[in-house]
Amino acid sequence: MKKCSYFFDFLISHAKVYGFIFPSSEIYGGLNAIYDYGPHGVELKNNIKEFWWKSMTLLHENIVGIDSSILMHPDIWNASGHIDQFNELLIDNKDSKKRYRPEILIQEYVEKKFFNDPKKKEKILSRLSKSLKKKDLVDIKILIDELDICDPVYKTKNWTKIRRFNMMFKIKNEKNLYLRPETAQGIFSNFHNIIKSNRMKIPFGIAQIGKSFRNEIFARKFIFRMREFEQMEMQFFLFPEEEIKWYEYWKNIRLKWHLELNLGNKKYYKLCDHNHLAHYASAGSDIQFHFPFGFQEIEGIHSRRDFDLKNHEFFSKKKLRIFESKKNYLPYVIETSLGLDRLFLAIFSSSLKKEELKNGKSRIVLKLPYYLSPIKAAIFPLVKKDGLPEIAKRIFNDIRIHNRLVYDQKESIGKLYRRQDAIGTPFCFTVDYDTIKTNTVTMRNRDDMKQKRIHIKEISKIIEQETGLKKVLEKLSKII
Ligand code: GAP
């Protein structure tokens, strides 16, 4: 436990020191559960987005993209059920003035207290599960009292009643205007526009990447649970009678996609069926990932049937149904919903390593998949004299518009290598005295630190082939 929290603290510090993630508004003391992405963070994030986007829209000919607005007509949120049903439970401790989610209080308490008594643990969790299902808030409070659960920090039991709390952010002074809590509604409300403008035929999908906002009371664990975050969602519209076929198809495809990232098969807890379905879902499954604090959901796959389109028809009074082959129906929807920041954390935490070296020293290295690395290659002169910087700069200038590179001569070569290792740069090319005679440079690989000489002309091709998305997309296209 200690080891994991040490690693997590180290990861958060590494992300800040090397320009991946900063606490938002830090100079004013920060803002709970809001983060900013720095120069390397935004590159890594954009590369992840590009990989997901191309996997969806290039590898599936019947999936198109959209970029809908964050602010939407207030009726959208009535139709989607978010105003009435997008609630979390909360309980306050009157002494500490801290706010908790009661089910998490109970789960965490039971995990610790009955670690060696699985039967007792199971019994309590099953009672909790039943009460959650029945929305029996009184029984959940009784459970907290019976178990004698204290505030984890202040150790007192002075609890309030359990209440419901809507997680949408309402915009002040704007009647019924909310920040969207999921990107999906922009897809449902544009469903007919897309059918008409792009002549789409069922089955087809609409993909979108965008910001979502939730007033999470239990926002913790760095970028795992934030109040402002990004989702990569895809809604797949299908014939109702094919619901199960496509649900199974998308569960399978999404898992394969994750495994292709090569973060380690054991890091995935594959597809757990949801016990508590979201209000819009008739079936749901999680892909869980082993984050530094344990297995948690990274992506959800849901069958939303015609819940959204039916309600939008009712509230908007516009016909959204399809007329096809003499049939008149509302398509069902399978949705795949992946948190971009969670995927970032999964990739970052699995790639960050401390390695002991043969010379007794150690190095910190970020072994990102090459195609996701923020910087694809670094170009250095061995020394800052004798014309070497000029040659290195020339190489850099010749190829920098094709790939994100850095030129650096600020420190000794050893330190330059360590810095690139720490941000995950796959290759470093060093110009030395032999370059002047032979037009060759040393190429150093991040992962095994091996070096070899290559001709200057090969640099661009190697970067393109080894760090581009092409190879991985080609491989994926054969699997999915
Ligand atoms: N449209 C369906 C939907 O939003 P969800 O299970 O609530 O479903 C989908 O969210 C994904 O969005 C989650 O699996 C997670 O990766 C990400 N996500 C949800 N809430 C988040 C938060 N507060 N911070 C970061 N990511 C979040």
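Sorting 272, 428, 150 by the number of Cβ atoms found within 10 Å of their own Cβ, with the fewest placed first, yields 272, 150, 428. Let me make sure I get this right: for region 122-170, a, b and c are the square roots of the gyration tensor eigenvalues over alpha carbons, sorted descending. Under 1.5 in a/c it's rounded, otherwise prolate if a/b > b/c, else oblate. Which is it? Oblate. Shape class for region 357-472, computed from the alpha carbon gyration tensor (a ≥ b ≥ c): oblate, with a/c not under 1.5 and a/b at or below b/c. Entry note, region 357-472: relative contact order of 30 percent, from Cα contacts under 8 Å with a spacing of 6+ residues.
The slack between residue 384 and residue 115, meaning 0.36 nm per residue of separation minus the straight C-alpha distance, is 90.8 nm. Across the chain, the longest run free of exposed loop sites, meaning GluC sites (Glu not before Pro) lying outside DSSP classes H, G, I, E and B with no more than 15 other Cβ atoms within 10 Å, spans 175-410. Separation of region 78-117 from region 316-390 is 32 Å, based on Cα centroids. Cross-link partners for residue 133 among the aspartates and glutamates, with Cα-Cα distance under 18 Å and sequence neighbours closer than 8 places in the same chain left out: 84, 88, 103, 122, 273. Aspartates and glutamates within cross-link reach of residue 267: Cα-Cα under 19 Å, excluding same-chain residues under 8 positions apart? Candidates past the 8-residue exclusion: 286, 297, 299, 341. Counting 0.36 nm for each residue step from residue 455 to residue 25 and taking away their Cα separation leaves a gain of 150.2 nm. Checking the Cα-Cα distances for 354/410; 16/94; 175/201; 98/123; 353/437; 415/471 against a 26 Å cut-off, the pairs over it are 16/94; 175/201; 98/123; 353/437; 415/471. Placing +1 on the Cβ of every Lys and Arg and -1 on the Cβ of every Asp and Glu, with no other charges, gives the chain a dipole of roughly 500 debye about its Cα centre. Projected onto the charge dipole of the chain (+1 at Lys/Arg Cβ, -1 at Asp/Glu Cβ, origin at the Cα centre), which of 392, 460, 28 gives the Cα projection farthest towards the positive end? The residue sitting most towards the positive pole is 392.
As a length-normalised measure over Cα pairs under 8 Å and 6 or more apart, the relative contact order of the chain settles at 14 percent. When you restrict to C-alpha pairs under 8 Å that are six or more residues apart and normalise by the size of region 153-250, the relative contact order lands at 26 percent. Inter-label distance, residue 164 to residue 58: 4.5 nm, where each label sits 7 Å from its Cα along the C-beta direction. Using the Cα gyration tensor of the chain, with a ≥ b ≥ c the square roots of its eigenvalues, what is the shape: rounded (a/c below 1.5), prolate (a/b larger than b/c) or oblate (neither)? The shape class here is oblate. In the structure shown, the pairs 393/452; 393/457; 54/478 are assessed against 18 Å; a Cα-Cα span above that value is assigned to 393/452. Inter-label distance, residue 98 to residue 474: 5.4 nm, where each label sits 7 Å from its Cα along the C-beta direction. For residue 178, the residues whose modelled amide H falls within less than 5 Å of its own, excluding neighbours fewer than 5 places apart on the same chain, are 72, 171. For region 255-279 versus region 182-219, the spacing of their alpha-carbon centroids is 22 Å.
Once the Cα atoms of helix 388-399 and of the chain are each reduced to a long axis, what angle between those two axes, in degrees from 0 to 90 to the nearest 10, is obtained? Taking Cα atoms only, the helix is inclined about 50 degrees. Converting phi to 3J(HN,Hα) with the Karplus coefficients 6.51, -1.76 and 1.60 and the offset θ = phi - 60°, region 9-19 yields 4, 5, 4, 5, 5, 4, 4, 7, 4, 9, x Hz in sequence order, with x at every glycine or proline. Placing dummy labels 7 Å off each Cα toward the beta-carbon, the span from residue 328 to residue 130 is 4.6 nm.
Scanning the chain for chymotrypsin sites (Phe, Trp or Tyr not before Pro) lying in DSSP loops with no more than 15 further Cβ atoms inside 10 Å, the longest uninterrupted stretch between such sites is 219-480. Report summary: the helix-based calculation at 222 nm, which adds -39500 (n - 2.57) for every DSSP H run with n ≥ 4 and divides by the residues of the chain, gives -12000 deg cm²/dmol. A Förster distance of 51 Å, applied to the separation of the beta-carbon atoms of residue 172 and residue 276, puts the FRET efficiency at 0.95.
Computed from the coordinates by the stated procedures, all read-outs in this text should not be read as laboratory data. This structure is a prediction, so every number in the text was calculated from the model and none was measured. Positions of Cβ are generated from backbone atoms using ideal geometry, with glycine treated the same way; all protein chains shown enter the neighbour counts.
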